[in-house]
Amino acid sequence: MKILQTALISGLLALLISCSTEQSQETTRRGYRLERHVSTNGAKPVPGEYAYFQIVMRHKDSIINTSYGSDQIPRIRIPAEDEYTKETPVIIDALAEMSEGDSATLFFPLDSLEQVPPAFANIDVIEYDLKFLEIKSDEEFKAEMQEIMDERAAEMEATKAKKPEVVAMAEKALADYKAGNLDLQKTDSGLEYFIHEEGTGEMPKSGQMVAVHYYGAFMDGRSFDNSYDKGEPYRFPLGQGQAIKGWDVGIGYLKEGSVASLFIPPALGYGETGYADIPGNTPLYFLVNLTEVN
């Protein structure tokens with residue numbers, strides 16, 4: 001799964017905003033400015049129904065976040081009048097007044113917040129560019145969620161079933177490493193790695209979210225952790241200190257879809273202090289599969 005590049009998203013924004021020759025402005029029920037770009041004059045969602053949409057969160061020309069490129073379409077339940085609270089997402093103000101095929105921009109002034117997040121200290125207004133995709137009833141939404149849950153459960157079971165194969169590959173890699181039979185790549189940081197299967201996807205950049213299935217073991221082969229028992233990969237932003245340094249370094253050398261062995265010295269693992277059942281000054285081995293780059 002590949003996230004759209006900023007230039008492409010900017011192009012989509014320009015197209016979205018220029019789709020209608022006449023733009024109209026209005027004020028939402030909570031006083032936010034709403035600028036319409038495309039109005040189909042179709043049916044609006046009623047309370048209890050779900051709005052499916054695409055969104056770009058930005059400040060002027062700088063994109064803060066976007067749903068484009070994700071494999072999950074955002075959806076949100078439209079509340080009844082007496083269900084609105086201070087925590088009700090501001091975009092509901094716009095979506096409740098839109099129809100399938102509509103596009104609009106909601107302007108949210110940050111001075112309306114009790115406390116502005118530090119990252120937004122120099123931003124006065126956030127723009128939400130919304131493309132309304134479809135309306136689904138509560139029954140349709142629940143049926144869809146059940147289908148997603150069933151698919152996820154099946155995927156988790158399939159992942160768990162792979163563990164014996166993964167263990168065998170890890171044991172062989174460790175044996176080959178000790179025998180000097182691996183054509184290792186070595187980094188200046190001290191990390192050694194071997195790519196068993198090279199993926200065809202992109203190589204992740206610092207800050208991008210990655211999903212990694214892993215099997216971790218000591219150099220004597222004893223396993224201390226793995227993702228296969230859980231049935232789900234570990235997800236983290238690369239290069240942001242949310243994983244051990246050996247992962248931040250090693251995963252950065254892999255293309256999406258790759259399977260690799262990482263031989264991690266203590267300095268790139270848990271250092272002198274160790275962690276949980278991992279003693280200090282312990283070199284570690286991981287068989288990793290980079291499944292997603294977002």
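The values are calculated or read from the model by the stated rules, or taken from the named source; none is laboratory data. Model, not experiment: these values are computed from the prediction. In this analysis, Cβ positions are derived from the backbone assuming ideal geometry, glycine residues included, and neighbour counts consider all displayed protein chains.
For region 94-102, the criterion of being in a strand (DSSP E or B) and either within 15 Å of LEU130 (Cβ to Cβ) or touching a residue at least 60 places away in the same chain (Cβ under 8 Å) (or both) is met by none of the residues.
Of the residues making up region 46-78, those that are modelled with pLDDT of 95 or more and over 16 Å from VAL90 (Cα atoms) are VAL46, GLY48, GLU49. Residue selection: GLU157 satisfies the criterion of being more than 29 Å from ARG77 (Cα to Cα) and either touching a residue at least 60 places away in the same chain (Cβ under 8 Å) or in a helix (DSSP H, G or I) (or both). Out of the residues in region 194-210 meeting the condition of being at pLDDT below 95 and of a type in the set (A, V, I, L, M, F, W, C), tell me which one is farthest from GLY250 (Cα to Cα). Ranking the candidates gives MET209 first.
Checking each residue in region 141-177 for being closer than 23 Å to TYR68 by Cα and either surrounded by 15 or more Cβ atoms within 10 Å (Cβ to Cβ) or not basic (Lys, Arg) (or both) picks out PHE141, GLU144, MET145, GLU147, ILE148, MET149, GLU151.
Which one is surrounded by the fewest Cβ atoms within 10 Å (Cβ to Cβ) among residues in region 219-230 that are assigned to a loop (DSSP other than H, G, I, E, B) and either among the β-branched types (Val, Ile, Thr) or in contact with a helix residue (DSSP H, G or I) (Cβ under 9 Å, 6 or more places away or on another chain) (or both)?
ASP220
SER258 fulfils the conditions (1) farther than 17 Å from TYR285 by Cα; (2) touching an Asp or Glu at 6+ places or on another chain (Cβ under 7 Å); (3) surrounded by 18 or more Cβ atoms within 10 Å (Cβ to Cβ) except for a single criterion, (1).
Taking strands (runs of 3 or more DSSP E) that do not extend beyond region 231-294, which have at least 2 residues that are under 26 Å from ASP71 (Cβ atoms) and charged (D, E, K, R)?
Correct list: empty, since no element meets the threshold.
Checked against (1) surrounded by fewer than 12 Cβ atoms within 10 Å (Cβ to Cβ); (2) modelled with pLDDT of 50 or more; (3) polar (S, T, N, Q), SER18 meets all criteria but (2).
What number of residues within region 59-93 are assigned to a loop (DSSP other than H, G, I, E, B) and hydrophobic (A, V, I, L, M, F, W, C)?
Total meeting the criteria: 4.
Only a single criterion out of (1) small (Gly, Ala, Ser); (2) in a helix (DSSP H, G or I); (3) within 29 Å of VAL293 (Cα to Cα); (4) modelled with pLDDT of 95 or more is not satisfied by GLY11, namely (4).
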